[in-house]
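In what follows, a structure is listed as structure tokens, so that the remarks can point back to it.
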Amino acid sequence: MKKGDPMIGVFVRFCYADDFDANAVQAVADNAHARFKGMPQLRFKAFTINPEKREAVNFYIWESMEAARAFFNEALLERVTGHYKVRPILEFVEIAAIVDNAAQ
């Protein structure tokens with residue numbers, strides 16, 4: 001990451017109809033968690049579940065737009081669609097600032 005380049009956040013939203021299963025979404029997160037530990041250029045990933053909205057949203061923080069876009073290729077999107085049973089909607093954002101209280 002070059003000094004001054006923004007980190008990139010990616011919201012990966014899985015929107016369900018009536019077939020939402022929070023336990024199945026939790027199982028996907030449990031099984032995928034270890035794959036992201038130590039991943040180059042990935043600073044942070046959170047798996048979320050919102051039963052009221054019948055959705056799961058994963059949030060990533062990448063060191064660069066190039067790393068984020070390279071990760072979210074068509075093959076990956078097809079694979080996660082198979083796991084979550086619904087194709088995700090991606091939203092890329094620039095990170096303005098991060099507060100990390102765990103780093104104190």
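The values are calculated or read from the model by the stated rules, or taken from the named source; none is laboratory data. Fair warning: this is a prediction, and the values are worked out from it, not measured in the lab. Here Cβ is always computed from backbone atoms with ideal geometry, including for glycine, and neighbour counts include all displayed protein chains.
Couple of notes before you dig in:
- Against the test of being farther than 24 Å from N31 by Cα and either surrounded by 11 or more Cβ atoms within 10 Å (Cβ to Cβ) or out of contact with any Lys or Arg (no Cβ under 9 Å at 6 or more places or on another chain) (or both), the options A75, A96 yield a single qualifying residue, A96.
- You will find that of V28, V57, V80, the residue that is touching a Ser or Thr at 6+ places or on another chain (Cβ under 7 Å) and of a type outside the set (G, A, S) is V57 and no other.
- Against the conditions (1) closer than 20 Å to D100 by Cα; (2) β-branched (V, I, T); (3) surrounded by fewer than 13 Cβ atoms within 10 Å (Cβ to Cβ), T48 satisfies every one except (3).
- Of the listed requirements (1) closer than 15 Å to V12 by Cα; (2) aliphatic (A, V, I, L, M); (3) over 14 Å from the mean Cα position of the chain (by Cα), V99 misses just one: (1).
- Where strands (runs of 3 or more DSSP E) fall wholly inside segment 1-95, the ranges with 2 or more residues that are among the aromatic types (F, W, Y) are 8-15, 42-50, 55-62.
- Of all residue pairs spaced 6 or more apart or on separate chains, those with beta-carbon atoms under 9 Å, a first member in segment 77-104 that is in contact (Cβ under 8 Å) with a residue 24 or more places away in the chain and of a type in the set (S, T, Y) and a second member that is assigned to a loop (DSSP other than H, G, I, E, B) and surrounded by 10 or more Cβ atoms within 10 Å (Cβ to Cβ) are Y84/Y16.
- Taken as a whole, segment 5-18 holds at least one residue that is touching a strand residue (DSSP E or B) at 6+ places or on another chain (Cβ under 8 Å), among the basic types (K, R) and either surrounded by 13 or more Cβ atoms within 10 Å (Cβ to Cβ) or at pLDDT 95 or above (or both).
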